[in-house]
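Worksheet for the structure shown next.
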Amino acid sequence: MSRVSPRRADPQLPTALVEAAAQLLAEQGPAAFSTRRLAAAVGASTTAVYTHFGSMNDLVRAMAHEGFARLNQRMTAVSSTDDPVADVVTLGCAYRGNALDNPYLYAVMFGGSSLDGFSLTDEDRQQGRYTLEILVGAVTRCMTAGRFQPADPALVAHQMWIALHGLVTLELGRYLVDPYDAEVCFEAQVSGLMLGAGDDAAATARSVRQALDRYAGTRTGTGARG
């Protein structure tokens, strides 16, 4: 008697569900966020959602974790150089680039209005705080090198994070347009942040240009890693 082999589980399905769920939540809101719609979006059964995530709120938490994992991967890919200020700016480029590449996950990570009816725990948010430690380390190196004024590096990193999050949110909302588009505003913002932390104007200009060129190279495949 012939036997039918069991269908192999798709290892890509959990990621596909996370990405489709983030898009569905962002575009249609929590009222339309259902297992039926989600399963249809990825060509799976509604059972698959509960098999992989347990509940819809667990799925929302998984979205946040995936978003922070992708952000952490981008940030850790930025290698340290002999110019710590350029490294800080490059980390900013990586943060912004990750948000632009993963806009729906980014919205979930920071608990926007689309999460109405769902919740993230402090444990979930801690994922973002861990990622911030990468920036704290780079800021510390800037202070050690005498490029930034002595201060609490964690507080300075928080100020930079807050400022960049604001710019990215406006960019994703398509509020930054010519002549003050996102590219112009980003360069002006990171330059101002470096100067505000105590760096010299001429040194900042050199470091910012180095960082922007370096990051552009990674996006086109012509630059060094990070």
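The values are calculated or read from the model by the stated rules, or taken from the named source; none is laboratory data. Just so it is clear, the model here is predicted, and its values are computed rather than measured. All Cβ positions, glycine included, derive from the backbone under ideal geometry; neighbour counts span all protein chains shown.
Would you mind telling me which numbered condition in (1) in a loop (DSSP other than H, G, I, E, B); (2) in contact with a Cys (Cβ under 6 Å, 6 or more places away or on another chain); (3) of a type outside the set (Gly, Ala, Ser) residue 215 fails?
(1)
Check whether at least one residue in the stretch 149-158 is outside any helix (DSSP H, G or I) and touching a residue at least 24 places away in the same chain (Cβ under 8 Å), and report yes or no.
Yes, the stretch 149-158 contains at least one residue that is outside any helix (DSSP H, G or I) and touching a residue at least 24 places away in the same chain (Cβ under 8 Å).
One line per residue, one yes/no per condition, for (1) at pLDDT 85 or above; (2) more than 14 Å from the chain's Cα centre (by Cα); (3) crowded, with 19+ Cβ neighbours inside 10 Å; (4) part of a helix (DSSP H, G or I):
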{"residue": "47", "(1), (2), (3), (4)": "yes, yes, no, yes"}
{"residue": "57", "(1), (2), (3), (4)": "yes, yes, no, yes"}
{"residue": "73", "(1), (2), (3), (4)": "yes, no, no, yes"}
{"residue": "86", "(1), (2), (3), (4)": "yes, yes, yes, yes"}
{"residue": "93", "(1), (2), (3), (4)": "yes, no, yes, yes"}
{"residue": "117", "(1), (2), (3), (4)": "no, yes, no, no"}
{"residue": "125", "(1), (2), (3), (4)": "no, no, no, yes"}
{"residue": "130", "(1), (2), (3), (4)": "yes, no, no, yes"}
{"residue": "146", "(1), (2), (3), (4)": "yes, yes, no, no"}
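Determine, yes or no, whether residue 78 is in a helix (DSSP H, G or I), in contact (Cβ under 8 Å) with a residue 24 or more places away in the chain and surrounded by 13 or more Cβ atoms within 10 Å (Cβ to Cβ).
no
Exactly one of (1) surrounded by 14 or more Cβ atoms within 10 Å (Cβ to Cβ); (2) in contact with a helix residue (DSSP H, G or I) (Cβ under 9 Å, 6 or more places away or on another chain); (3) touching a residue at least 24 places away in the same chain (Cβ under 8 Å) is unmet by residue 38. Its number?
The number of the failed condition is (3).
Which condition does residue 166 not pass, out of (1) within 16 Å of the chain's Cα centre (by Cα); (2) surrounded by 14 or more Cβ atoms within 10 Å (Cβ to Cβ); (3) without any contact (Cβ under 8 Å) to a residue 60 or more places away in the chain, if it passes all the others?
Answer for residue 166: the failing condition is (2).
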